[in-house]
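All remarks here apply to the structure that follows.
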Amino acid sequence: MIDLRSDTVTKPTKEMLEVMMTAQVGDDVFGEDPTVNQLEWMLAEMFGMEAAIFCPSGTMTNQIAIKVHTQPGQEVICERLSHIYQYEGGGIAFNSGCSVKLIDGNRGRITAEQVLEAINPDDIHKPTTALISLENTGNRGGGSCYNFNDIQEIKKVCTENNIPLHLDGARIFNAIVAKNESPKQYGEVFDSISVCLSKGLGAPVGSVLLGSKAFIKKARRIRKVFGGGMRQAGILAAAGIYALENNIKLISKDHANAKRIEQALIKKDFFGEMLPVETNIVIAEVKGRLDPIEFVQKMKEHKIYLMAISSTQMRMVLHLGISDEDVNDIIKIIDGL
Ligand SMILES: Cc1ncc(COP(=O)(O)O)c(C=O)c1O
């Protein structure tokens, strides 16, 4: 089976399992798990941020960040396709009691002008704009990356209006590798960053939220309230440390393989608009001879699993579990359809 449904499907390798089995652990709710502390310190240091907190999921790190940055009745600004709005179960309303103002972006990316336009004036009729949230890479944007200048322009607007800036960095290392950037650039402009270990980096569980000491102190309280305080979580953190030390360098292979698949799809008559492949995600319109469901079904007959993400589009996601040989097989099957 070749599973292209998501980069969350990776399974820990033997080497990763070994470090998990031998991890030193303690009670992390008491702050006593040395491996969790090491992971938090490691990521904070990488991004040049003061502090970090290990959580079970990217949904939790995003939702904790939103909760800490906002008060009920305020408003969060994000792009229409953002994971925090589309795929976190209405968590912004449920957990934080906030409304959302959506911006129509370019494949998940928004501009400083759009942000400025969306910030509410100081008017008692309007919710107070409390947070701007960006996603990099943009999942529904087909793994799209921001140009760093555009992020800096957005930051300028945030600073001028005294509004914090959050990053959903579920796939931030894909962006960093694709754009040849450094984590510290991101630490300098964002007030909080959510980094997922369980996507392109291949760990089985876990995300880390980064921010100032004061922000992370509040985040620890919210994590407890959300039920995300884990005990001997060092077993999981060890996988995260392994992933950071060994798997960042493997990400570019996924990007190259996504490009190879894009080239194979372009030749077929049943593909329409294709989102330009920038990282590990391939999103394309399927039309004419096949629709997305039929295409997914045809690939499944060859034990290649992918997703129809709308009535017109299919998605394939490359990850650590997909080898170059797997990609040869995928291309051969596509060529024959
Ligand atoms: C952009 C983005 N943010 C956040 C998440 C949430 O991560 P988790 O599944 O760990 O809750 C995902 C999950 O795929 C994602 O794609």
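Selection of the stretch 98-107 for residues being in contact with a Lys or Arg (Cβ under 6 Å, 6 or more places away or on another chain) and surrounded by 16 or more Cβ atoms within 10 Å (Cβ to Cβ) yields only Leu102. Quickly run through the stretch 1-37 and pick out the residues that are away from the ligand (no atom under 16 Å from the Cβ), outside any loop (DSSP other than H, G, I, E, B), over 18 Å from Ala219 (Cα atoms) and out of contact with any Asp or Glu (no Cβ under 6 Å at 6 or more places or on another chain). Of everything in the stretch 1-37, those that are away from the ligand (no atom under 16 Å from the Cβ), outside any loop (DSSP other than H, G, I, E, B), over 18 Å from Ala219 (Cα atoms) and out of contact with any Asp or Glu (no Cβ under 6 Å at 6 or more places or on another chain) turn out to be Lys14, Glu15, Met16, Leu17, Glu18, Val19, Met20, Met21, Pro34, Thr35. Of the residues that sit in the stretch 179-197 and are more than 11 Å from the ligand (Cβ to nearest atom) and among the hydrophobic types (A, V, I, L, M, F, W, C), which one is farthest from Lys14 (Cα to Cα)? Looking at the filtered set, the residue picked out is Val189.
When you check Gly200 against the structure, is it away from the ligand (no atom under 16 Å from the Cβ) and farther than 21 Å from Val100 by Cα, yes or no?
No: the conditions fail for Gly200.
For Lys217, state whether it is within 28 Å of Ile66 (Cβ to Cβ) and open to solvent by 60 Å² or more (accessible area, probe 1.4 Å). Yes. Is it the case that the stretch 269-285 has a residue that's open to solvent by 10 Å² or more (accessible area, probe 1.4 Å), assigned to a loop (DSSP other than H, G, I, E, B) and within 16 Å of the ligand (Cβ to nearest atom)? Among the residues of the stretch 269-285, at least one is open to solvent by 10 Å² or more (accessible area, probe 1.4 Å), assigned to a loop (DSSP other than H, G, I, E, B) and within 16 Å of the ligand (Cβ to nearest atom), which makes the answer yes. Only residues that are of a type in the set (Asp, Glu) and either open to solvent by less than 50 Å² (accessible area, probe 1.4 Å) or without any contact (Cβ under 8 Å) to a residue 24 or more places away in the chain (or both) were counted in the stretch 286-337, giving 5. Among the criteria (1) open to solvent by less than 10 Å² (accessible area, probe 1.4 Å); (2) assigned to a helix (DSSP H, G or I); (3) within 16 Å of the ligand (Cβ to nearest atom), the one Ile176 does not fulfil is (1).
Results for (1) in contact with a Leu (Cβ under 6 Å, 6 or more places away or on another chain); (2) within 25 Å of Asp3 (Cβ to Cβ); (3) among the polar types (S, T, N, Q), shown as yes or no for each residue.
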| residue | (1), (2), (3) |
| --- | --- |
| Val115 | no, no, no |
| Ile151 | no, no, no |
| Glu160 | no, no, no |
| Asp168 | no, yes, no |
| Ile172 | no, yes, no |
| Lys184 | no, no, no |
| Glu188 | no, no, no |
| Leu197 | no, yes, no |
| Val205 | yes, yes, no |
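Would you check which residues across the stretch 83-102 are within 16 Å of the ligand (Cβ to nearest atom) and under 18 Å from Ile154 (Cα atoms) and list them? Within the stretch 83-102, Val100, Leu102 qualify.
In the stretch 101-127, the residues that are assigned to a loop (DSSP other than H, G, I, E, B) reach residues that are open to solvent by 30 Å² or more (accessible area, probe 1.4 Å) and acidic (Asp, Glu) with C-beta atoms within less than 8 angstrom, at least six apart or across chains, in these pairs: Thr111/Asp150; Thr111/Glu153. Comparison of Thr13, Thr8, Thr35 shows that the only residue that is hydroxyl-bearing (Ser, Thr, Tyr) and touching a helix residue (DSSP H, G or I) at 6+ places or on another chain (Cβ under 8 Å) is Thr35.
Scan the stretch 179-189 residue by residue and report those that are open to solvent by less than 20 Å² (accessible area, probe 1.4 Å) and in contact (Cβ under 8 Å) with a residue 60 or more places away in the chain. Tyr186, Gly187 - these are the residues of the stretch 179-189 that are open to solvent by less than 20 Å² (accessible area, probe 1.4 Å) and in contact (Cβ under 8 Å) with a residue 60 or more places away in the chain. Screening Gln71 on (1) open to solvent by 10 Å² or more (accessible area, probe 1.4 Å); (2) within 11 Å of the ligand (Cβ to nearest atom) shows it passes everything except condition (2). Of the residues making up the stretch 235-258, not a single one is within 16 Å of the ligand (Cβ to nearest atom), closer than 27 Å to Ala175 by Cα and assigned to a loop (DSSP other than H, G, I, E, B). Looking at the stretch 216-242, which of its residues are among the aromatic types (Phe, Trp, Tyr) and farther than 17 Å from Asn95 by Cα? Residue satisfying the conditions is Tyr242 alone. The residues of the stretch 47-68 that are closer than 20 Å to Ala175 by Cα, within 16 Å of the ligand (Cβ to nearest atom) and surrounded by 24 or more Cβ atoms within 10 Å (Cβ to Cβ), listed by number, are Gly58, Thr61, Asn62. Residues of the stretch 235-288 that are of a type in the set (Lys, Arg) and within 18 Å of Asn180 (Cβ to Cβ): Lys249, Lys253, Lys259.
The values are calculated or read from the model by the stated rules, or taken from the named source; none is laboratory data. For clarity, every value in this text was computed on a predicted model and none was experimentally measured. All Cβ positions, glycine included, derive from the backbone under ideal geometry; neighbour counts span all protein chains shown. Surface accessibility is based on the protein's heavy atoms, side chains included, excluding ligands, DNA and RNA. Shrake-Rupley method; radii C 1.70, N 1.55, O 1.52, S 1.80 Å.
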